[in-house]
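To start, the structure itself, in structure tokens.
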Amino acid sequence: MDKKELQTYADKLKNLELERPIRIMEVCGTHTTQFFYTGVKDLFPEKLSLIDGPGCPVCVTPNRYLDRAIEIARTHEVWLVTFGDMMRVPSSYSSLQKEKAVGVPIHIVYSPLDALTLAQENPEKQVVFLSVGFETTIPTEAVAVKKARQEKLKNFSILTGNKLTPPAVRALLDAGEVKIDGFILPGHVSVITGIKGWRFVADKYKKPCVITGFETQNLLIGTMALIHLIQNGNPEIINEYSQVVTESGNEKAQEVMAEVFESTEAKWRGIGTIPESGLCLKEPFQEFDANLRFPVNPPEEVEPRGCRCGEILRGLVTPLDCPLFGKKCLPETPVGACMVSSEGACAAYFRYQKVSP
Ligand code: SF4
């Protein structure tokens, strides 16, 4: 799309006259940030609202998960290995960053396969990978576990905190707490799930959906297409990311996930326990389950006082409704997970939203 076409789309969105208020939800944390970063959110006409969904894996991971990881490290003297985003997330009583500062061995990696390499190179150390992610990272985690089994590694395990996004959208729709007219569905996740993973949103719940990418043009085209579907009362899914998203998705990735993991219920911050939204290791791979290898009983989970992450993740409020936003809660001193992650709604609002003094 050239500059002129882009401007035409931007003008169309800005000057759109809506007969009634329309509320759309973006499910993906990267979309949350990109709507701000590209300025597309600033083009929204008054009656169009964008609601942030539960699409940031770090944000939806409950405190209990980190409490358990920290307790494992303290009790069993293992090496914890994690993606960098998790370091500053507050747990009930600490954070990985604080634990590292007092000498707990915590390593940051960019891939689960890096964690596997650490285990291979340090056979005298027990390496526990904090496996927190959605469909986009889970296949690589499955590959790491498979390799560990093939190589008969005895010092590698994962603490499973992975989640599947379609069941979370289903749970929001079933709860019916928030009025949503249509969905911008996640681009990266849909590469794995395919369009078929989301058909239920249109077929069962009669909500129009658009799968789109992350550039300005993707967001503009996706938003306009979604509004068109909503205004015409047309509950369909449109794939505006057909360069990478197909009907059936990445079947090889789905196969390796299904070989290593099986679905189970999982707790999501703010949303609660959702059936079949989490993954646990299947029987032949359970020796790599850190929960079984390193049993712990962390103290009771505590949520930070005043933090409204849970309501934000359910689309009930925006970060601007939190009294701590930009005051006690800042990116350098986050009170809740949504201010830490680069995909968190509070972090995105803090970085990009123009707030009146
Ligand atoms: S601004 Fe901070 S305290 Fe408020 S909801 Fe967001 S993360 Fe929680």
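Nothing in this text is a laboratory measurement; each read-out follows from the coordinates by a stated rule. A quick note: this is a predicted structure, and the numbers were derived from the prediction, not measured. Positions of Cβ are generated from backbone atoms using ideal geometry, with glycine treated the same way; all protein chains shown enter the neighbour counts.
Structure summary
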{"read-out": "Test item: Cα-centred dipole of the range 44-121, Lys/Arg +1 and Asp/Glu -1 on Cβ, debye", "value": "200"}
{"read-out": "Phi to ³J(HN,Hα) by Karplus 6.51 cos²θ - 1.76 cosθ + 1.60 over the range 29-39, Hz, x for Gly, Pro", "value": "x, 5, 4, 3, 5, 5, 4, 6, 4, 7, x"}
{"read-out": "Cα centroid of the range 312-353 to Cα centroid of the range 82-105, whole Å", "value": "19"}
{"read-out": "Charge dipole (the range 245-343, unit charges on Cβ, about Cα centre) - positive-most of VAL256, ASN297, PRO323", "value": "PRO323"}
{"read-out": "Residue-wise HN-Hα coupling along the range 174-189, computed from phi with Karplus coefficients 6.51, -1.76, 1.60 (Hz; x: Gly, Pro)", "value": "5, 5, x, 6, 10, 7, 10, 8, x, 10, 8, 8, x, x, 5, 4"}
{"read-out": "Test item: Cα-centred dipole of the range 260-301, Lys/Arg +1 and Asp/Glu -1 on Cβ, debye", "value": "120"}
{"read-out": "5 angstrom amide H check on PHE156, placed H, neighbours 5+ away", "value": "VAL127"}
{"read-out": "Given charges at beta-carbon only (K, R positive; D, E negative), |dipole| of the chain in Debye", "value": "560"}
{"read-out": "Dipole of the chain, positive end: most advanced residue of LEU50, VAL81, TYR205 [Cβ charges, Cα centre]", "value": "LEU50"}
{"read-out": "Exceeding the 18 Å Cα-Cα cut-off - candidates LYS196/LYS282; LYS41/LYS327; LYS146/LYS252; LYS41/LYS206; LYS47/LYS327; LYS14/LYS179", "value": "LYS196/LYS282; LYS41/LYS327; LYS41/LYS206; LYS47/LYS327; LYS14/LYS179"}
{"read-out": "Distance from the range 1-73 to the range 208-232 (C-alpha centre basis), Å", "value": "12"}
{"read-out": "Among LEU281, LEU153, LEU220 - extreme Cα towards positive end, dipole of the chain, charges at beta-carbon", "value": "LEU220"}
{"read-out": "Ordering of 117-126, 26-35 by burial proxy (mean other Cβ atoms within 10 Å per residue, highest first)", "value": "26-35, 117-126"}
{"read-out": "For LEU48, residues with placed amide H under 5 Å, excluding near neighbours", "value": "ILE22"}
